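The values are calculated or read from the model by the stated rules, or taken from the named source; none is laboratory data. Keep in mind that what you see is a predicted model, and the values were worked out from it rather than measured. Here the Cβ is made from the backbone with ideal geometry for all residues, glycine too, and neighbour counts use every protein chain on show.
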């Protein structure tokens, strides 16, 4: 029996998918990733809403993270209800029906010297 950890509501205030990449695909494709950890005994039903500076939000994007599993979700791969545009600033709110942990990672491979950013998302207590 595992104990759930994390929160049910998370925010990533910074998002950006570069329009191009340098290097072999898919390993060096520029991307944004949400690493989702579900340590509970129940599947996590996750909804992601994307916010933009110049238009209405898009979502929810729906994902299931099985019990006691992790999922590394590339924002580049989200297509329903619509793909997230490249070269566009955005933010995301991630909501789950069970507590999860969210980590944000970006690979920017526009140059041959790659840049990798990672941070824990903001966890809301309400």
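Tabulated values for the structure
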| quantity | calculated |
| --- | --- |
| Boolean, residue 99 is buried (at least 17 other Cβ atoms within 10 Å of the Cβ) and modelled with pLDDT of 95 or more | yes |
| The one condition in (1) under 19 Å from residue 123 (Cα atoms); (2) surrounded by 14 or more Cβ atoms within 10 Å (Cβ to Cβ); (3) modelled with pLDDT of 85 or more that residue 67 fails to fulfil | (1) |
| Any chance residue 116 is assigned to a strand (DSSP E or B), over 13 Å from the mean Cα position of the chain (by Cα) and either modelled with pLDDT under 60 or over 25 Å from residue 42 (Cα atoms) (or both) | yes |
| Within the stretch 60-95, tally of residues that are free of Cβ contacts under 8 Å to residues at least 24 places away in the same chain and either over 15 Å from the mean Cα position of the chain (by Cα) or on the phi > 0 side of the Ramachandran plot (or both) | 1 |
